[in-house]
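Visitor: Right, I'll just put the structure down here and ask away after.
Please treat every number below as a calculation from the coordinates, not as lab data. Computed from a predicted model, the values in this text were never measured in an experiment.
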Amino acid sequence: MAVQHLNGNAIEADAGAPSAATAAAAAQCLAPEAVAQCIAEHFSAYNEEFGRITRRAGGHFRSGDWQAAHHDAVARIDLYEQRVCQCVQRLRDAAPHGPEQLALWVQIKNAYEQQI
């Protein structure tokens, strides 16, 4: 079975105890810098998509295509939740017990602040 981690690489793992490669990848996934980078990448993707939808909506507004403009407004509202859910799922897949580790999230916040 392939397990995808934050860096996007797939690692083979069996149903038994984790292999050394899997354990090393899991440890890397818990690195605050890797988690902060994942969050930053998802936020960047959100911003790019939001901008794309907004530019498209402007064209629809100017042309009087109100149905398409309305669709774009709904898409922008839904986009935030979609992107947050994708990011959260990616983090859960990589480190299923991470959210309960408050000290880790403080480190992740500090690492994220350094990236932005």
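Visitor: Relative contact order for the stretch 31-115: what percent, with Cα pairs under 8 Å and sequence separation of 6 or more?
Guide: Taking the mean separation of contacting Cα pairs over the length of the stretch 31-115, I get 52 percent.
Visitor: Taking 0.36 nm per residue of separation and subtracting the Cα-Cα distance, what length does fully extending ALA31 through PHE61 add?
Guide: The span from ALA31 to PHE61 would gain 6.3 nm if fully extended.
Visitor: Now for a different question. Please list 3J(HN,Hα) in residue order for the stretch 82-87, calculated via the Karplus relation 6.51 cos²θ - 1.76 cosθ + 1.60 where θ = phi - 60°; whole Hz, with x for glycine and proline.
Guide: After applying 6.51 cos²θ - 1.76 cosθ + 1.60, I find 4, 5, 5, 4, 4, 5 Hz.
Visitor: If you don't mind, there's one more thing I want to ask. Read phi for every residue in the stretch 56-65 and hand back ³J(HN,Hα) as whole Hz from Karplus 6.51 cos²θ - 1.76 cosθ + 1.60, θ = phi - 60°, with x for Gly and Pro.
Guide: The phi angles translate into 5, 4, x, x, 5, 5, 4, 8, x, 7 Hz.
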